[in-house]
1. Out of curiosity, is Met167 surrounded by 14 or more Cβ atoms within 10 Å (Cβ to Cβ) and modelled with pLDDT of 95 or more?
2. Name the residue, out of Leu91, Leu137, that is surrounded by 19 or more Cβ atoms within 10 Å (Cβ to Cβ) and more than 16 Å from ligand 3 (Cβ to nearest atom).
3. Could you tell me whether the range 114-130 includes any residue that is surrounded by 17 or more Cβ atoms within 10 Å (Cβ to Cβ), among the hydroxyl-bearing types (Ser, Thr, Tyr) and more than 16 Å from ligand 4 (Cβ to nearest atom)?
4. Please indicate, with yes or no, whether at least one residue in the range 216-223 is over 21 Å from the mean Cα position of the chain (by Cα), within 22 Å of Tyr44 (Cα to Cα) and crowded, with 16+ Cβ neighbours inside 10 Å.
5. Here are the criteria: (1) closer than 30 Å to Gln169 by Cβ; (2) within 16 Å of ligand 4 (Cβ to nearest atom). Tell me which single one Leu232 does not satisfy.
6. Can you pull out the residues in the range 128-155 that are over 18 Å from Tyr44 (Cα atoms), of a type in the set (A, V, I, L, M) and either within 16 Å of ligand 1 (Cβ to nearest atom) or at pLDDT below 95 (or both)?
7. Please find, within the range 170-179, the residue that is surrounded by the most Cβ atoms within 10 Å (Cβ to Cβ) out of those that are in contact (Cβ under 8 Å) with a residue 40 or more places away in the chain and in a helix (DSSP H, G or I).
8. Can you pull out every residue in the range 74-128 that is touching a strand residue (DSSP E or B) at 6+ places or on another chain (Cβ under 8 Å), among the β-branched types (Val, Ile, Thr) and over 13 Å from Leu149 (Cβ atoms)?
Amino acid sequence: QAKDAGRNAIRFFSPEMQAAIDSRSEMETTMRNGLLHNEFQLFYQPQIDIDGEIIGAEALLRWFPRDQESVLPIQFIPVAEEVGLIIPLGLWVMETACAQLKAWENDPRTRHLKIAVNVSARQLRQLEFVKQVQDALEFSGANPSLLKLELTESVLLEDVDDIVERMQQIKLFGVTFSLDDFGTGFSSLSYLKRLPLDQVKIDQSFVRDIHTDPNDAAIVRAIIAMSHSLGLKVIAEGVETKSQLNFLKNYGCAHFQGYLFGKPMPIEEFEKLLKRI
Ligand code: C2E
Ligand code: MG
Ligand code: MG
Ligand code: MG
């Protein structure tokens, strides 16, 4: 009993906080094991051009833990970022995507396809990141110009000069950059000019309400116009309906991604989709 009292006396966290910490470190352990036991998979979601052709895919991470329900990226990515596991996990994603690019190289129906890979700010902040990308490309033999890296505005929270320099080094390989979830972050527009980007990705929240919220419609039009005047390409994410697509096309957006064209799917399904179109 005295022992119990003593333990209570040094408890810093409320039961709720302790539970959150416990479940996070439990998730960390199961994630670490999951990486060792091939429980992660890449799903591919088509990216489409103005003619309706599939020009590539975004690789989206999926986790199917053994003996457990699958866990969504919004649940496990933030934990992986916090505990640093995003580094080995992100490396696995990059290597898997590059191997896929290489595997597509010999088929004229797939050799032109690009893969977009999501990169966390934490990955980009490592000194070794440039070397990791280079190694993944060299080891796989993938064509660097088919690899696109998607960043979010959270990369801008610190060390912008370092980030810009790292991006420039990676661009020398031929890799391109897209700014994901554009319009939802903290960045000022001047950063858009500073980052060596190739593409801006309009966040799905603006696309969703394009027809019901005049402000979102105005934001979408402004993002497209501004990006084009800065020499950047634009892709819209979360395109679910024909009328959203038409709106986007009318205002000059030429690349699209969303359930209208296909959900993220296993590689076998993605390849079947290519044959159908
Ligand atoms: P994101 O990069 O913005 O990816 C787009 C998300 O929107 C994906 O969710 C996708 O399934 C979903 N989506 C696509 N089209 C539609 C649509 O038409 N309607 C709606 N409602 N949703 C759509 P997902 O796969 O759950 O991924 C969530 C987030 O997790 C991603 O957002 C990305 O930030 C992160 N993530 C996923 N895979 C990776 C990864 O390999 N590395 C890192 N660092 N982050 C990842
Ligand atoms: Mg993305
Ligand atoms: Mg996004
Ligand atoms: Mg998003």
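1. yes
2. Result: Leu137 is the single residue among Leu91, Leu137 that is surrounded by 19 or more Cβ atoms within 10 Å (Cβ to Cβ) and more than 16 Å from ligand 3 (Cβ to nearest atom).
3. Within the range 114-130, not a single residue is surrounded by 17 or more Cβ atoms within 10 Å (Cβ to Cβ), among the hydroxyl-bearing types (Ser, Thr, Tyr) and more than 16 Å from ligand 4 (Cβ to nearest atom).
4. Of the range 216-223, the ones over 21 Å from the mean Cα position of the chain (by Cα) are 216-219, 221-222.
Keeping just the survivors that are within 22 Å of Tyr44 (Cα to Cα) gives none.
No, every residue in the range 216-223 fails to be over 21 Å from the mean Cα position of the chain (by Cα), within 22 Å of Tyr44 (Cα to Cα) and crowded, with 16+ Cβ neighbours inside 10 Å.
5. Tallying (1) closer than 30 Å to Gln169 by Cβ; (2) within 16 Å of ligand 4 (Cβ to nearest atom), Leu232 fails exactly one: (2).
6. Val133, Ala136, Val155
7. Ile170
8. Within the range 74-128, Ile77, Thr96 meet the criteria.
The values are calculated or read from the model by the stated rules, or taken from the named source; none is laboratory data. The structure presented is a predicted model; accordingly, all values stated were derived computationally and were not measured. We place every Cβ from the backbone using ideal geometry, glycine too, and count neighbours over all the protein chains shown.
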